[in-house]
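Take a look at the structure below.
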Amino acid sequence: MGNRHNSDSIHEGSVTDTIRGYWVALPTPIFGGGQVDHDRMARHAITLIDRGIDGVAAFGTTGEGTSFSANERLLATERLLKSGFAPERIVLGVGFPAVEATIALARAALSIGLTHVLILPPYFYRDAPPEGIEDAFSAIFDGVADTRLRATLYHIPQVSGVAVPALVAARLRARYGAMVAGVKDSSADFAQFQAFRAASPDLAILVGNEPDIGRALSEGGAGTICGLGNIVPELVRTMFTDRSAGAEIREVIALFEGRSFVPTLKAILAAQTKDPAWLNVKAPLRPGSIAEGESLLEILAALRGREAA
């Protein structure tokens, strides 16, 4: 895959203050030893753009982001940019429990041309009060001290164990302006989406739960960053215009019930692409199997065929 000059970036988009539209959370392909497979990552990201998505999130939950160091995340992002991928189409997960580590990676992301970052609240201390969460985010923004930054706060308490309170997001937006661009609400609780919207209408609120996309857009939401776009990108796209498609997307989600999401997604992707390298995951996750991926892919194909009939 040849490098391209920045002016020829793949599907170059316009730089915006907020993430809007249809973004997909990338899984991170890795070699058997755990190193990021940069070429495979770039090929997959470019394929998604070619299939009509607006941008990608690197090293979020679907990308096993917390299992990778700052250097690993930054190097992979640099390689993605060198493949010709437009920087305005990437949001990089930069959250760590240590505020200083988050500051350092956010600064490094800005230095290579990114503006959008996805920031988890400092996790591990699940009893931290809202004021402490606000203090931590404030320390990050004060430490980065760069008005180019466009941060999307990442609310996924069922995984991280630490929420982003709606009033904290609103106060941060009021204090830091455009540096606090939005919130990714992956709680799958629509009342929480509504709370974010009510607390700060200026924030771009994205949903991670695919069935909520259409309803969220109708209530002022900015779009989605989601995982299922990796395997059914066209179906997820229909959620932007046809809320009745929610029944089908829920059936796809049901395929993951009782299974670990990331290994299962990678197993389906391995079956779709006939590329078993996609099975590899970082510890503490355990890989799925080609047989599992093929079985789920057959169910998925039957589902899609039934809906088309």
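One table, with the values for the structure above:
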item: Every pair of residues 6+ apart whose Cβ atoms lie under 7 Å, when the first sits in segment 64-92 and is surrounded by fewer than 20 Cβ atoms within 10 Å (Cβ to Cβ) while the second is assigned to a helix (DSSP H, G or I) and at pLDDT below 95; result: Gly84/Asp8
item: Subset of segment 123-148 (residues that are within 21 Å of Ser186 (Cβ to Cβ) and either in a loop (DSSP other than H, G, I, E, B) or outside the structural domain of Thr102 (by TED's automatic domain parsing) (or both)); result: Tyr123, Phe124, Tyr125, Arg126, Ala128
item: The listed residue being farther than 22 Å from Tyr22 by Cα, modelled with pLDDT under 95 and not aromatic (Phe, Trp, Tyr), out of Arg306, Arg259, Arg243; result: Arg306
item: Residue, nearest to Leu235 (Cα to Cα), within segment 278-305, restricted to residues that are in contact (Cβ under 8 Å) with a residue 60 or more places away in the chain and in contact with a helix residue (DSSP H, G or I) (Cβ under 6 Å, 6 or more places away or on another chain); result: Trp278
item: Residue pairs meeting the criteria (Cβ under 6 Å; at least 6 apart or on separate chains; first under 17 Å from Ile19 (Cα atoms) and free of Cβ contacts under 8 Å to residues at least 60 places away in the same chain, in segment 38-62; second surrounded by fewer than 18 Cβ atoms within 10 Å (Cβ to Cβ) and of a type in the set (Ser, Thr, Tyr)); result: none
item: Residue count for segment 98-132, restricted to those that are out of contact with any helix residue (DSSP H, G or I) (no Cβ under 7 Å at 6 or more places or on another chain), over 21 Å from Arg148 (Cα atoms) and surrounded by 16 or more Cβ atoms within 10 Å (Cβ to Cβ); result: 1
item: Those residues of segment 171-190 which are among the hydrophobic types (A, V, I, L, M, F, W, C) and over 11 Å from Asp212 (Cα atoms), in sequence order; result: Leu172, Ala174, Ala178, Met179, Val180, Ala181, Val183
item: Filter result for Ser160 (surrounded by fewer than 22 Cβ atoms within 10 Å (Cβ to Cβ), of a type in the set (Ser, Thr, Tyr) and modelled with pLDDT of 95 or more); result: yes
item: Filtered residue count, segment 273-292, keeping only those that are of a type outside the set (Ser, Thr, Tyr) and under 22 Å from the mean Cα position of the chain (by Cα); result: 12
item: Every residue from segment 262-287 that is in a loop (DSSP other than H, G, I, E, B) and within 20 Å of Gly60 (Cα to Cα); result: Asn280, Val281, Lys282, Ala283, Pro284, Leu285, Arg286, Pro287
item: Count of segment 157-197 residues which are β-branched (Val, Ile, Thr), touching a strand residue (DSSP E or B) at 6+ places or on another chain (Cβ under 8 Å) and under 17 Å from Gly227 (Cβ atoms); result: 0
item: Condition check for Arg259: exposed (fewer than 15 other Cβ atoms within 10 Å of the Cβ) and assigned to a helix (DSSP H, G or I); result: no
item: Residues being under 16 Å from Met239 (Cα atoms) and surrounded by fewer than 20 Cβ atoms within 10 Å (Cβ to Cβ) - total across segment 185-208; result: 2
item: Filter pass, Ala70 being out of contact with any helix residue (DSSP H, G or I) (no Cβ under 8 Å at 6 or more places or on another chain) and either assigned by TED's automatic domain parsing to the domain that holds Thr152 or at pLDDT 95 or above (or both); result: no
item: Flag for Asn230 being of a type in the set (S, T, N, Q), out of contact with any strand residue (DSSP E or B) (no Cβ under 7 Å at 6 or more places or on another chain) and at pLDDT 95 or above; result: no
item: Residue within segment 53-67 that is more than 21 Å from Leu120 (Cβ to Cβ) and at pLDDT 95 or above present; result: yes
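The values are calculated or read from the model by the stated rules, or taken from the named source; none is laboratory data. On a predicted model such as this, the values are computed, not experimentally measured, just so you know. So basically every Cβ, Gly included, is an ideal-geometry build from the backbone, and we count neighbours across all protein chains shown.
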